[in-house]
Amino acid sequence: MSDITLVLQAVGRGEKQASEELLPLVYDELRQLAAARMARESAGHTLQPTALVHEAWLQLVGEGSRSWANRAHFFGAAADAMRRILVDKARRKSRLKRGGDQVRVDLADVEVAESTPDGDVLRINEALERLEQEDPEQARVVVLKFFGGLTNEEVAQNLGISERTVYRQWVCAKARLFRWVKAQE
């Protein structure tokens, strides 16, 4: 059993020092996860990987009892937290774009884009929410692989299924998500 798993179990038992011990053990990996996730975002994104890690950390060890079975389960939860943060940011930007911060603008000066990167994040999130309703296991595979950067082996360990099943679920989920996102365009 790894050091991280032992500390995660201590966090689950409610040992206060365990959260402080956990952060240095997982910080570099969370930072890499956030940097990989942010690399897919639009160039003008104001959120930096370090800030994303900090916001996700607060959600992970904040109020309420948390427990993780192992390292893969923890990083899956971290990936989910990062996804929620990015979707919330995209929703806030989209809301502002639709009049939340109203400023009079001359229409002749405005260029209207058909699609924005934030719009892509929201479309992908809507498709993922639909997948969660229709096939929760496929949705979990997508979150762990796409947002969490976990390998098939780690996803299989996290979900208690075989690697072959993870592969099949991943391929099927990608096809369904692609079809739904294209239908929204």
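The values are calculated or read from the model by the stated rules, or taken from the named source; none is laboratory data. None of these values were measured; they are calculated from a predicted model. For neighbour counting, all protein chains shown are included, and Cβ atoms are generated from backbone atoms with ideal geometry for every residue, glycine included. Remember, those area values only see protein heavy atoms, side chains included, never the ligands or the DNA or RNA. Shrake-Rupley method; radii C 1.70, N 1.55, O 1.52, S 1.80 Å.
Take residue 86 and decide whether it is outside any helix (DSSP H, G or I) and open to solvent by less than 20 Å² (accessible area, probe 1.4 Å). Here the answer is no, as residue 86 does not meet what is asked. Residue count for the range 136-160 under the criterion of being open to solvent by 40 Å² or more (accessible area, probe 1.4 Å) and either of a type in the set (A, V, I, L, M) or in a loop (DSSP other than H, G, I, E, B) (or both): the result is 4. Residue check: residue 140 meets all listed conditions (1) under 16 Å from the mean Cα position of the chain (by Cα); (2) at positive phi but one, namely (2).
Is it true that residue 31 is within 30 Å of residue 120 (Cα to Cα), assigned to a helix (DSSP H, G or I) and at pLDDT below 80? For residue 31, the condition - within 30 Å of residue 120 (Cα to Cα), assigned to a helix (DSSP H, G or I) and at pLDDT below 80 - is not met.
The residues of the range 38-66 that are under 19 Å from residue 23 (Cβ atoms) and touching a Lys or Arg at 6+ places or on another chain (Cβ under 8 Å), listed by number, are 49, 50, 52, 53, 59, 60.
Summed over the range 1-28, residues that are in a loop (DSSP other than H, G, I, E, B) and either basic (Lys, Arg) or open to solvent by 60 Å² or more (accessible area, probe 1.4 Å) (or both) total 3. Mind checking whether some residue in the range 107-119 is in contact with a Lys or Arg (Cβ under 6 Å, 6 or more places away or on another chain), closer than 14 Å to residue 76 by Cβ, modelled with pLDDT under 80 and crowded, with 17+ Cβ neighbours inside 10 Å? Within the range 107-119, not a single residue is in contact with a Lys or Arg (Cβ under 6 Å, 6 or more places away or on another chain), closer than 14 Å to residue 76 by Cβ, modelled with pLDDT under 80 and crowded, with 17+ Cβ neighbours inside 10 Å.
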